[in-house]
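Read through the structure below, which is laid out as structure tokens, and then see the notes.
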Amino acid sequence: MSQEEKNQVEEVIMETEKGKFEGESPLPSPVVATTPKPKPKLSAAMIIPVWIVLSSSVIIYNNYLYNSLDFKYPVFTVTWHLTFAAIGTRILQKTTPLLDGTKDVNVTKDMFLKSILPIGALFSGSLILSNTAYLYLSVSYIQMLKAFTPVAILLISWVIRIQEPSKRLAAIVVMISFGVALASQGELRFNLFGFIVQAAAVAFEASRLVMIQLLLHGLKMDPLVSLHYYAPVCAILNLLALPFTEGLAPFYELARIGPLVLISNAAVAFLLNIAAVFLVGAASGLVLTLAGVFKDILLITGSVLIFGSPVTPLQVVGACSELLLVSPAPNVEEL
């Protein structure tokens, strides 16, 4: 593989890893993994385990809420998370330096209508669909399907001509697709509707990441600054969709679920984005990607141990092929 093609693959994978900050929690990813101003830093050895635990906890907690507690209202849950995040970022803006980056971002009316709003709409669709998938599919299988996101980003980039296709990249696309097919073929609890919903979530997420590249290229926003701007937009869009999707039903269930579960669930998702601020400042792109792969392995294992999700040998082969292709091999010079 040429150096240029290798760089293209790693760039797509990095975009996907940044998108995972909110694919696992209903919170936005950074536009670029560079903080506008210096912030308190932690070592990668300290923050990576925290990020992995929080990221895994969000997914497991959401699955527990939807299936174990039988609170099957993903639109309401996502709306609540984003409302919590919108309030939380504004409190942090007033009380800490973590959101000083907002001073460097000038959001005009034109920028809001042409960039923030359409990206927010795609983000809302991605969150609603990806959370709905947990009602029909296992956590382990969803993680396997999410590995297709880099392929979706490449395909969209090729279609709109912002990246040139090549035989090498096409081969990688085919191999990752083959891994997803193996994982699907081996899924014992396969649900066609759930598969379609998760596939649509991947399409929305890939489109969102490509639009960020096109519309907000060069604009420096870390995860919390992105969250500060996107959370209110997405919360309002989701709130508008709520009467047509779940109606008043989730509000009748709030007394049964209780405030402790709702607040702790949203707080874990919010803490994940705070951890992400320190993560992107402490770790290199390669470390971020490998941490994401390690987290996916832990999630698949945890899904089997905690929820009893069956994983067949065929799925293991498919998942391993996906993860090996998604994680870039380091150069000799980097070792």
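The values are calculated or read from the model by the stated rules, or taken from the named source; none is laboratory data. These numbers were taken from a predicted model, which means no experiment stands behind them. Cβ sites come from the backbone with ideal geometry, for glycine too, and all protein chains shown count toward neighbours. Side chains included, ligands, DNA and RNA excluded: accessible areas come from the protein's heavy atoms. Shrake-Rupley method; radii C 1.70, N 1.55, O 1.52, S 1.80 Å.
Worth pointing out:
- Every residue from the stretch 193-205 that is among the aliphatic types (A, V, I, L, M) and surrounded by fewer than 20 Cβ atoms within 10 Å (Cβ to Cβ): Ile196, Ala199, Ala200, Ala203
Quick grid of which residues meet (1) out of contact with any helix residue (DSSP H, G or I) (no Cβ under 6 Å at 6 or more places or on another chain); (2) free of Cβ contacts under 8 Å to residues at least 40 places away in the same chain; (3) among the polar types (S, T, N, Q); (4) crowded, with 21+ Cβ neighbours inside 10 Å:
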| position | (1), (2), (3), (4) |
| --- | --- |
| Ile91 | yes, yes, no, no |
| Pro97 | yes, no, no, no |
| Met111 | yes, yes, no, no |
| Ser140 | no, no, yes, yes |
| Gln143 | no, no, yes, yes |
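- Residue list for the stretch 206-224, filter: at pLDDT 85 or above and open to solvent by less than 20 Å² (accessible area, probe 1.4 Å): Ala206, Arg208, Val210
- Ala44 vs. criteria of a type in the set (A, V, I, L, M) and at pLDDT 65 or above: yes
- Filter pass, Leu99 being in a helix (DSSP H, G or I), of a type in the set (A, V, I, L, M, F, W, C) and closer than 30 Å to Glu187 by Cβ: no
- Summed over the stretch 43-56, the residues that are surrounded by fewer than 18 Cβ atoms within 10 Å (Cβ to Cβ) and in a helix (DSSP H, G or I) give a count of 5.
- The listed residues are Val173, Val151, and the only one of them that is buried (at least 23 other Cβ atoms within 10 Å of the Cβ), part of a helix (DSSP H, G or I), of a type outside the set (Ser, Thr, Tyr) and in contact with a helix residue (DSSP H, G or I) (Cβ under 8 Å, 6 or more places away or on another chain) turns out to be Val151.
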